[in-house]
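*Asks:* Sending over a structure as structure tokens; questions will come in a sec.
The values are calculated or read from the model by the stated rules, or taken from the named source; none is laboratory data. Please read all numbers here as calculations on a predicted model, not as lab measurements. No Cβ is skipped: glycine too gets one built from the backbone with ideal geometry, and neighbour counts run over all protein chains shown.
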Amino acid sequence: MRGRSLRIWGAALALCVCGGVSAQQYRSEVRELPNPPAEERQSAEALLKQTTDPYQRALLLRELAVKAAKAGDHQRAAELLSQALETNALSGPAAEQMREMLGQVLMAGGDFKRNQPALEAQVRRGNAPPEIRVALAAAYLQDRRHADAIPLLRSAIDAVENADISWRRALMGAYLATNQFKAALPLLERLVREAPEARDDWARLAAVYLRVGNKQRAAATLELAQRLGYMNEASDRLRLVGLAAELGAPFEAASLLQGWMDNRQLPNDRGNRRLLAQLFVAAREAQLALPAISRALKDGADAELLRVQAQLQMENERYGDAAESIKQLIALEGPEPDSLMSLATAQYQQANVDDALANFRRAAAAPGQQAELAREWVKYLESGRARELAMTAAAERREREAGDVRLASRIGTGDGAIPTRANRPAAGADAAGQSGGGRFTPLGAERAGNASGEIPAWTGGITPDRRPAGFVKGKALPDPYADDAPLFVITADNMAKHAQRLTRSHQHLLK
């Protein structure tokens, strides 16, 4: 029994020894880790660096683009999708789907200018979604390429039923920027119907009606907007005035402003008086601009208005008034060389040669581009002939001013309102009033013929009841003097022969 027990323990010990040897041998052949990791998977970025197959690269780029878009990096997503499309490894449907993804990413990013090359590539390939065309148009609008944006916006709007109102508003703005006012009108009319609460659109619509000459529609638009409560504030009316001027209708803008000031719908304050003067100047209405500037200057000295006033007075040969305006300008900002030149010129035109010479000398002594011209004037005035010529020219000008010359005004009644059929003067009324007498014609020419009869008297010109032979309504007016030819041509070479026909001023010019 005892022997059997010993044999069992011996066998057990032998097994233990064998088991220990086997475990040690296993551990020596295989390294055991306490926590084995999961199977490693390479990232898309790493795979992209290793992969050369175009199709695999396109799929990996798409995967990375999706991740970038989810992270909000639309610019990076657009770049990755563009690279995927450039592989040209995708089938037609797959490539088209990826282009749609690119369009969505570009639209979501909002930075159309930065993405302009990608957008242009999309449009050039054809069949670009409307959203892509609108995005490219937005990039062009940022560069003020309004003409390039118009066809993109138009095609996108036509491709979508009930296109977004922002698209149509962008197209309307592009039309206005390119002076296509008639094309903008239907869009504006639809915009005020769909979104009447947009006050700017009411102002734009009225301003465009004014610009195309449809004053009745403009008045109706204003009345409707006021009834709806959209044009009752002073800021709304001033916005319309500014829009009309911006669209190239400064006279109509001035008429609106004048009428509203007269009716106390806008305050007759310093700012509006100055704006009215500026609008009449922009409209080239000197007869209306000068009184408006004068009223604005009563609010206080203004160098810009004084300079414009002097220029208009010079253009209208009101040299005495111009000289006074320039003196006020010099008192305000000092003896600037250009102001001295203008003052000297106005004084010379009044035959005030001594003062003109003094101011030309001051201008010649000042640095600047005017110095050389001022020295030429000084040389001319010191020659001795200038005084007599200046006095002759001043006398002739006084004779012209004594004539009955009255220029027509575009403003109609002169009250600052938009002219209507009811208050518009009858056609030809001004001409009839001007042809009755006076030494000069309405254009300032001598009414009477000369003593020799070579120049006939002015008889009223071409009127509706005195049309030239061959006149056809709607066609160009035939030249009634086609057979006329000059009796003689006077030059410096034959001036002595025709001396009796020339004034001293003419003779001096030909020397």
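*Asks:* Scan the range 464-471 and tell me whether some residue there is loosely packed, with under 10 Cβ neighbours inside 10 Å, not in a helix (DSSP H, G or I) and not acidic (D, E).
*Replies:* The answer is yes; a qualifying residue exists.
*Asks:* Filter the range 198-212 down to the residues that are small (G, A, S) and in contact with an Asp or Glu (Cβ under 9 Å, 6 or more places away or on another chain), then identify the one that is nearest to A244 (Cα to Cα).
*Replies:* A207
*Asks:* Evaluate the range 22-45: report whether one residue or more is at pLDDT 65 or above and closer than 30 Å to P130 by Cα.
*Replies:* Restricting attention to the range 22-45, the residues satisfying the condition of being at pLDDT 65 or above are 43-45.
From the residues that got through so far, the ones that are closer than 30 Å to P130 by Cα too are none.
Among the residues of the range 22-45, not one is at pLDDT 65 or above and closer than 30 Å to P130 by Cα, which makes the answer no.
One line per residue, one yes/no per condition, for (1) at pLDDT below 85; (2) touching a strand residue (DSSP E or B) at 6+ places or on another chain (Cβ under 9 Å):
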| position | (1), (2) |
| --- | --- |
| A364 | no, no |
| R375 | no, no |
| Y380 | yes, no |
| S383 | yes, no |
| M391 | yes, no |
| E396 | yes, no |
| R400 | yes, yes |
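*Asks:* I need the full set of residues from the range 308-320 which are of a type in the set (D, E, K, R) and either surrounded by 18 or more Cβ atoms within 10 Å (Cβ to Cβ) or not assigned by TED's automatic domain parsing to the domain that holds D355 (or both), in order please. Spell out how you get there, then give the answer.
*Replies:* Step one: filter the range 308-320 for residues of a type in the set (D, E, K, R), giving 315, 317-318.
Correct list: R318 only.
*Asks:* Any chance the range 419-440 includes a residue that's at pLDDT 70 or above and of a type outside the set (S, T, N, Q)?
*Replies:* Yes: one or more hits.
*Asks:* Given the residues A128, A121, A156, which is the only one that is touching a Pro at 6+ places or on another chain (Cβ under 9 Å), surrounded by 14 or more Cβ atoms within 10 Å (Cβ to Cβ) and either under 27 Å from E79 (Cα atoms) or hydrophobic (A, V, I, L, M, F, W, C) (or both)?
*Replies:* Residue meeting the stated conditions: A156.
*Asks:* If you take the residues of the range 197-212 that are touching a residue at least 24 places away in the same chain (Cβ under 8 Å) and not in a helix (DSSP H, G or I), which of them is nearest to G248 (Cα to Cα)?
*Replies:* Applying the filter and picking the extreme gives V212.
*Asks:* Between a first residue in the range 213-225 that is over 20 Å from S235 (Cβ atoms) and in the same structural domain as A198 (by TED's automatic domain parsing) and a second residue that is among the aliphatic types (A, V, I, L, M) and surrounded by 13 or more Cβ atoms within 10 Å (Cβ to Cβ), which pairs have beta carbons less than 6 Å apart while being 6 or more apart in sequence or on different chains?
*Replies:* Hits for this filter: K215/I418.
*Asks:* Considering only helices (runs of 4 or more DSSP H) fully contained in the range 297-378, which possess at least 1 residues that are closer than 25 Å to V281 by Cα and without any contact (Cβ under 8 Å) to a residue 12 or more places away in the chain? Can you show your working first?
*Replies:* Numbers: elements: 303-315, 319-333, 337-349, 353-365.
Because the criterion is at least 1 residues that are closer than 25 Å to V281 by Cα and without any contact (Cβ under 8 Å) to a residue 12 or more places away in the chain, the helices (runs of 4 or more DSSP H) in the range 297-378 that meet it are 303-315, 319-333.
*Asks:* Restricting to the range 321-350, and then to whatever is of a type in the set (G, A, S) and farther than 19 Å from L373 by Cα, can you tell me which residue is surrounded by the most Cβ atoms within 10 Å (Cβ to Cβ)?
*Replies:* S325
Residue by residue, here is whether (1) at pLDDT below 90; (2) assigned by TED's automatic domain parsing to the domain that holds R217; (3) closer than 28 Å to A253 by Cβ; (4) of a type in the set (A, V, I, L, M) holds:
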position: N127; (1), (2), (3), (4): yes, no, no, no
position: L136; (1), (2), (3), (4): yes, no, no, yes
position: L141; (1), (2), (3), (4): no, no, yes, yes
position: R145; (1), (2), (3), (4): no, no, yes, no
position: P151; (1), (2), (3), (4): no, no, no, no
position: N162; (1), (2), (3), (4): yes, no, no, no
position: S166; (1), (2), (3), (4): yes, no, yes, no
position: M172; (1), (2), (3), (4): no, no, yes, yes
position: P186; (1), (2), (3), (4): no, yes, yes, no
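*Asks:* Does the range 209-224 include one or more residues that are in contact with a Lys or Arg (Cβ under 8 Å, 6 or more places away or on another chain) and buried (at least 24 other Cβ atoms within 10 Å of the Cβ)? Spell out the reasoning first.
*Replies:* Here is the first cut: in the range 209-224, the ones in contact with a Lys or Arg (Cβ under 8 Å, 6 or more places away or on another chain) are 209, 212.
Keeping just the survivors that are buried (at least 24 other Cβ atoms within 10 Å of the Cβ) gives 209.
Looking through the range 209-224, at least one residue is in contact with a Lys or Arg (Cβ under 8 Å, 6 or more places away or on another chain) and buried (at least 24 other Cβ atoms within 10 Å of the Cβ).
*Asks:* What number goes with the only condition from (1) in a helix (DSSP H, G or I); (2) of a type in the set (D, E, K, R); (3) surrounded by fewer than 22 Cβ atoms within 10 Å (Cβ to Cβ) that R284 does not pass?
*Replies:* For R284, the exception is condition (1).
*Asks:* OK, next. Which one of the conditions (1) modelled with pLDDT under 80; (2) closer than 24 Å to T392 by Cα; (3) surrounded by 10 or more Cβ atoms within 10 Å (Cβ to Cβ); (4) not hydrophobic (A, V, I, L, M, F, W, C) does Q500 fail to meet, given that it meets all the rest?
*Replies:* Exception for Q500: condition (3).
*Asks:* Just to check your reading of the model, which residue among L509, L477, L487, L502 is in contact (Cβ under 8 Å) with a residue 24 or more places away in the chain and aliphatic (A, V, I, L, M)?
*Replies:* Just one listed residue meets the conditions, L487.
*Asks:* Kindly indicate which of R76, R133 is under 24 Å from D158 (Cα atoms), in a helix (DSSP H, G or I) and not aromatic (F, W, Y). Can you show your working first?
*Replies:* Details: R76 fails: under 24 Å from D158 (Cα atoms).
Unique residue meeting the criteria: R133.
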